[in-house]
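Worksheet: one structure, shown below.
Where a number appears in this text, it was derived from the coordinates with a stated rule and is not lab data. From a predicted model like this one, the values you see are computed outputs, not experimental measurements. Glycine gets a Cβ as well: all are built from the backbone with ideal geometry, and neighbour counts include every protein chain shown.
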Amino acid sequence: MNSNDEKLLTPAASAIFNIAKESGLINEIYKELKECSKLFEDEEIKKYFDDKKIDKREKIKLVEKKLKSIFSKEIFSFINLLIENELIDELANIVDIYGTMLDEYNNTVRVKITASCNINEDTIKQIIDTIKSFSDKKIEYTIEIDDSLIGGIIVNIGNTVYDYSIKNQINMMKNRFV
C-alpha cells in the first residue's frame, strides 16, 4: 500500500477504530475485521463486488443475507459503508491500518524474525532482549522459516527491516562488483 492509499484509507480505519474503542470492543472488532477481510479476498466474491453493473443495494442485500448473523452490528454497518463508497476492495488495507492503530493503542511493537532454519530459544531471547533494550513497548513476535536466505536472519521491527541474511550479503557483494 502506498502512502496516498494510506492517507485515503486512514479515516475509514480511524472511524471503525473509534467505534470499537467507544464500545470497548477494540480487539474483538479487529478479529472480526480480519475474518471478514478473508471472505472478501475470495476471487468470486471480489469479482462480484468489483462489478459496477451490479447495483450497490443488491450488494448490500447480499451482505445482509449472508453476513448479518455472523458479524457484529459494527462490522456489518462498516462493510455496508465500504460498499456504498466503493471501498470494499480496500478492506485488507484498512485492516492493516487498524492493526497499526491497535498496536499503538496497546503500546505494542510487532517483530517478525525470519531465519533460514529453526533457531533456538536462546537466540530468540537474545534478539527480543536486544529490542527491549531500546524500546519500552510490549513485543509480540513471530518466527518464519525461509530457506532461500541460505543463512542468517531478517528482523522486521514494525516497518523497519534489519537484513542479516547471507542472501542479502551476496546480493550486496554482487551490486558492488557490477
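A few comments on the model shown:
- Subtracting the Cα-Cα distance of residue 23 and residue 143 from their residue separation scaled by 0.36 nm leaves 39.9 nm.
- Entry note, the chain: relative contact order of 20 percent, from Cα contacts under 8 Å with a spacing of 6+ residues.
- Beta bridge orientation in the range 108-177: antiparallel %, DSSP, nearest 5: 60 percent
- When the Cα positions of 150, 123, 175 are compared along the charge dipole of the range 108-177, 175 comes out farthest toward the positive end, with charges on each C-beta of Lys, Arg, Asp and Glu.
- Relative contact order of the range 108-177, defined on C-alpha pairs under 8 angstrom at six or more residues apart (%): 41 percent
- For the chain, built as a Gaussian network whose Cα springs stay under 10 Å, the top-fluctuating residue of 108, 160, 100: 160
- Fraction of antiparallel bridges per DSSP, the chain only, in percent to nearest 5: 60 percent
- Label point at residue 150 placed 7 Å out along Cα→Cβ; residues across the range 93-123 whose backbone nitrogen lies under 15 Å: 116-117
- The GluC sites (Glu not before Pro) of the range 37-86 that meet both conditions, a loop assignment by DSSP and at most 16 other Cβ atoms within 10 Å of the site Cβ, are 41, 86.
- Computed magnitude of the charge dipole of the chain (debye, nearest 20; Cβ of K, R +1, Cβ of D, E -1): 140 debye
- Here the mean projected area of the convex hull built on the C-alpha positions of the chain is 14.1 nm².
- Förster radius 22 Å - calculated FRET efficiency between residue 161 and residue 89 (Cβ-Cβ, nearest 0.05): 0.20
- Sum of side-chain charges, residue 32 neighbourhood, beta-carbon under 14 Å (Lys, Arg +1; Asp, Glu -1): +2
- Result for the chain in a Gaussian network model with C-alpha springs under 10 Å: among 102, 62, 87, the largest mean-square fluctuation is at 62.
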